[in-house]
1. Apply the Karplus curve 6.51 cos²θ - 1.76 cosθ + 1.60, θ = phi - 60°, to the phi angles in the range 11-19 and return the couplings in whole Hz, x for Gly and Pro.
2. List every residue whose amide H lies under 5 Å from the amide H of L23, counting only residues 5 or more places away in sequence or on a different chain, with H placed 1.01 Å from N in the peptide plane.
3. Report, please, the projected area of the chain averaged over directions, based on the convex hull of its C-alpha atoms, in nm².
4. Within 13 Å, Cβ to Cβ, of P6, how many net charges do the neighbouring residues add up to if Lys/Arg are +1 and Asp/Glu are -1?
5. What does the highest-first list of 34-41, 6-13 look like by mean Cβ count within 10 Å?
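Readers should treat all values here as calculations from the given coordinates under stated rules, not as data from a laboratory. Remember, it's a predicted structure, so these values are computed and weren't measured experimentally. Cβ sites come from the backbone with ideal geometry, for glycine too, and all protein chains shown count toward neighbours.
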Amino acid sequence: MVDYPPARMDDDGVAPWSGPRSLPLVLPLGDDYAGFAQRSDALALALGLARRPLLDTFRDIIAAEAPLGNRVLGAGLSPEEEAALVEAVR
């Protein structure tokens, strides 16, 4: 695993949020997306839900997708695109 700085997205031709060649659900920092999807979690916490690390959520998504095989999704990076970005960051 590598840390990919969202500030690189434009330079690397990676789209935010959704669609082809994107990092789904990832928004770069900056004024363009300031306040996007901000919600209070006060009620959820009051009802007993707990926050968890985002990395745990990503790991669970990957584990849930694994049994589905190598299907082609309408969003995200191809394995080749992801490998090229990982190599560029290293």
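1. Computed from phi, the couplings for the range 11-19 are 4, 8, x, 9, 7, x, 6, 7, x Hz.
2. A15, W17
3. Working: hull surface 29.8 nm².
If I average the Cα hull's projected area over directions, I get 7.5 nm².
4. -4
5. On the way: 34-41: 7.8, 6-13: 12.8.
Packing proxy ranking, top to bottom: 6-13, 34-41.
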